[in-house]
1. Any idea how many residues of region 236-252 are buried (at least 21 other Cβ atoms within 10 Å of the Cβ), touching a residue at least 60 places away in the same chain (Cβ under 8 Å) and not hydrophobic (A, V, I, L, M, F, W, C)?
2. So residue 192 clears everything in (1) touching a Phe, Trp or Tyr at 6+ places or on another chain (Cβ under 8 Å); (2) not in a helix (DSSP H, G or I); (3) not hydrophobic (A, V, I, L, M, F, W, C) except one condition, right? Which one?
3. For region 223-251, name all the residues that are more than 18 Å from residue 167 (Cα to Cα) and assigned to a loop (DSSP other than H, G, I, E, B).
4. In region 207-216, is there at least one residue being farther than 30 Å from residue 24 by Cα, of a type outside the set (Lys, Arg) and part of a loop (DSSP other than H, G, I, E, B)?
5. When the residues of region 28-74 are filtered to those that are of a type in the set (A, V, I, L, M) and more than 21 Å from the chain's Cα centre (by Cα), which remaining residue is nearest to residue 93 (Cα to Cα)?
6. Have a look at 197, 169 and point out the one that is β-branched (Val, Ile, Thr), assigned to a helix (DSSP H, G or I), within 30 Å of residue 239 (Cα to Cα) and modelled with pLDDT of 95 or more.
7. Within region 52-68, which residues are surrounded by 13 or more Cβ atoms within 10 Å (Cβ to Cβ) and in a helix (DSSP H, G or I)?
8. Sort out which residues of region 100-128 are surrounded by 14 or more Cβ atoms within 10 Å (Cβ to Cβ), in a helix (DSSP H, G or I) and in contact (Cβ under 8 Å) with a residue 40 or more places away in the chain, and write them in order of number.
Amino acid sequence: MMNISDLPSRVSDRLLQPYWDHLLFHHLPLISSPFFPVLLAFSSYVLFSIPFSVLDLLGERVPLFHQYKIQPGRQPTSGMMAKSFMAALYNHIFFVLPSVIISTFFLPAPLLPKDAPTLYEVFIDGLAVLLLFDTQYYIWHFIHHKHPQLYRWVHAIHHEYMAPFSWSTEQLSIPELMTVGFWSNLDPILFKCHPLTIWNITVFSIWMSVEDHIGYDLPWTLNHLVPFGLLGGAPAHDMHHQRPSSNYAPFFSHWDRIFGTAVPLKKKLPRL
């Protein structure tokens, strides 16, 4: 006989099943395609970046948002935005998509499970993947800033601009892009994540990455909503672009605190 206290968990277990059934029944060719994760990731990057690029182009004409600009004297131009976007598009067309095509010859087509994950699994598995990736990138990032040749050959392209903006999120060299892509694909496999969990992680991590680069310390961003300063957000990453020997972690703040590389955001720079 089922205990009445089990009812909330049972309801939670079934919550995502109708949505998953809908995807399997109506969109199976799309979600089973090896190109779907790439499409999901790149489209998320574009959709999340557009609103902030509009804010950047409007600038002082929208004082409600411009007052939160971290470096108001360094405003990205449309040319800078186009350059960053084209770099990301070039990398995906000439490196990411060919990598996916090549992998289809060596890896079996994934079989999508009939059962949806529970909300608990989505949250716990997603958090585990984000924490692992945060650790991997912290180490990688630290090493590439401490080794002059590695920095110049691999990571310097991401530091072209002292004031980051949304489109610069994916202005990466090919080695950095492939490294990030390798971890992004491997980590969910290590934790045996459900495909729906993986897709949620993909979208959420890209949102966090774009939010890190927007150049605005908005009061409703995740670093303000999540308590105890657990997330660095745009202030931490903006500070990293101003002072590259600080704030190496992509999302969380614990590694920078533990190893003494956390540096708080300076006051807004004066207008140039």
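The values are calculated or read from the model by the stated rules, or taken from the named source; none is laboratory data. Values in this document were obtained by computation on a predicted structure and should not be read as measured data. We place every Cβ from the backbone using ideal geometry, glycine too, and count neighbours over all the protein chains shown.
1. Total satisfying the criteria: 5.
2. Exception for residue 192: condition (1).
3. Quick first cut of region 223-251, residues more than 18 Å from residue 167 (Cα to Cα) only: 223-232, 243-249.
226, 230, 232, 243, 244, 245, 246, 247, 248, 249, listed by residue number.
4. First pass over region 207-216, keeping only residues farther than 30 Å from residue 24 by Cα: 211-216.
Next, only the ones that are of a type outside the set (Lys, Arg) stay: 211-216.
Checking which are part of a loop (DSSP other than H, G, I, E, B) leaves us with 214-215.
Yes - at least one qualifying residue is present in region 207-216.
5. Keep residues of region 28-74 that are of a type in the set (A, V, I, L, M), which gives 28, 30-31, 38-41, 46-47, 50, 54-55, 57-58, 62, 64, 70.
Add one more test, that the residue is more than 21 Å from the chain's Cα centre (by Cα), and what stays is 28, 30, 57-58, 62, 64.
Working: 28: 24, 30: 19, 57: 27, 58: 30, 62: 35, 64: 37 Å.
Result: 30.
6. Working: 197 fails: within 30 Å of residue 239 (Cα to Cα).
Result: 169 is the single residue among 197, 169 that is β-branched (Val, Ile, Thr), assigned to a helix (DSSP H, G or I), within 30 Å of residue 239 (Cα to Cα) and modelled with pLDDT of 95 or more.
7. 52, 53, 55, 56, 57, 59, 65, 66
8. So the first thing to find is which residues in region 100-128 are surrounded by 14 or more Cβ atoms within 10 Å (Cβ to Cβ), and the list is 100, 112, 116-119, 121-122, 124-126, 128.
Okay, now just the ones that are also in a helix (DSSP H, G or I), so 100, 119, 121-122, 124-126, 128.
100, 119, 121, 122, 125, 126, 128 - these are the residues of region 100-128 that are surrounded by 14 or more Cβ atoms within 10 Å (Cβ to Cβ), in a helix (DSSP H, G or I) and in contact (Cβ under 8 Å) with a residue 40 or more places away in the chain.
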